[in-house]
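See below for the structure under consideration.
Just so you know, all these numbers are worked out from the coordinates, no wet-lab data involved. Remember, it's a predicted structure, so these values are computed and weren't measured experimentally. Using ideal geometry, Cβ is built from the backbone for each residue, glycine included, and neighbour counts are taken over all protein chains shown.
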Amino acid sequence: MTDATSFSRRSLIGFGAAAVALTAAPRVWAQAAAPAAPAGPFSLPKRAYEAAGLEPHIDATTMDIHYTRHHAAFVAGLNGVAKDHGVVASTPLQTLLGDLMKVPEAVRTPVRNAGGGHANHTMFWEVMGPNAGGAPTGDVAAAITKDLGGFDKMKTDFEAAGLRVFGSGWVFVTVDKAGKLALVSKAGQDNPLMDKQMPLFGNDVWEHAYYLKYQNRRAEYLKNWWNVVNWAKVNERYAAAKAGTLTI
């Protein structure tokens, strides 16, 4: 047996053992699993459900990667800026995004991108949950009927807006202090706060949110996403918005 053959066999055996270990490992929301980030005022939110909690509509592997890598990277970037800019460290994220022109020009783009990503994802995890979906209830259902033409029309319009996003971005339903709803889409990690709008709920249409399961079938992902929307939590956010207490 040549050295090359022996090395190849050892590599395959090692790779197989690693694959088995990864398959057997529990996949849960563990903040400790996130990449090390500069210490700072911003942190990953702890989630109330495991990574597999949204199966089969969103797979556990995607959820793990999305949370512990993508969201964590936004937090790391934001803390990296905050480390050298006291105004970023001492200002609530909602205020930073709501008036970007007051952010020092040198770090305005990083705050827009990393701050928007952190805000968007914090909302995203919150408005989803296991054993969720179905039709909206309560005040949110009434507002959807009044402002967006009813649940079926809202879903159709929301999905169409998500499909129209070129490349990467988000689709949101926003809410004002009077409780009025509107449908908007944003490019990149922009957040409605940047246009003086408050996000009520929204869906991530970056490919990292769905590609492992749905590949290029964004339309299918958008349709299936309604099965994980936590309408009870959306109603809580709606009530807070009308009370003026809704935060990111």
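Table for the structure above
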| item | result |
| --- | --- |
| Loop-resident sites, the range 190-236, for trypsin sites (Lys or Arg not before Pro), counting at most 14 other Cβ within 10 Å (DSSP) | Lys196, Arg217 |
| Between the range 143-180 and the range 63-138, the alpha-carbon center distance in angstrom | 21 |
| Normalised per residue, the volume of the convex hull around the Cα set of the range 75-174 (Å³) | 145 |
| When the convex hull of its Cα atoms is projected in every direction, mean area for the range 126-200 (nm²) | 5.5 |
| Ranked Trp225, Trp206, criterion: other C-beta atoms within 10 Å, fewest first | Trp206, Trp225 |
| Cβ-Cβ FRET estimate between Phe166 and Lys223, R0 fixed at 25 Å, reported to 0.05 | 0.80 |
| Residues of the range 75-101 with amide N under 12 Å of the 7 Å Cα→Cβ point at His208 | 75-77 |
| 15 Å Cα-Cα reach of Lys213 towards aspartates and glutamates, excluding residues that sit fewer than 8 places from it in its own chain | Glu55, Asp59, Asp64, Asp204 |
| Taking Asp84, Asp157, Asp204 and counting other C-beta atoms within 10 Å, the order from fewest to most | Asp84, Asp157, Asp204 |
| Full-extension gain in nm, Ala48 to Gln94, via 0.36 nm per residue minus C-alpha separation | 14.3 nm |
| Net dipole in debye of the range 176-227 [+1 Lys, Arg Cβ; -1 Asp, Glu Cβ; about Cα centre; nearest 20] | 140 |
| Anisotropy class of the range 46-121 from Cα gyration tensor, a/c 1.5 cut | prolate |
| The range 58-248 - convex hull of alpha carbons, volume per residue in Å³ | 108 |
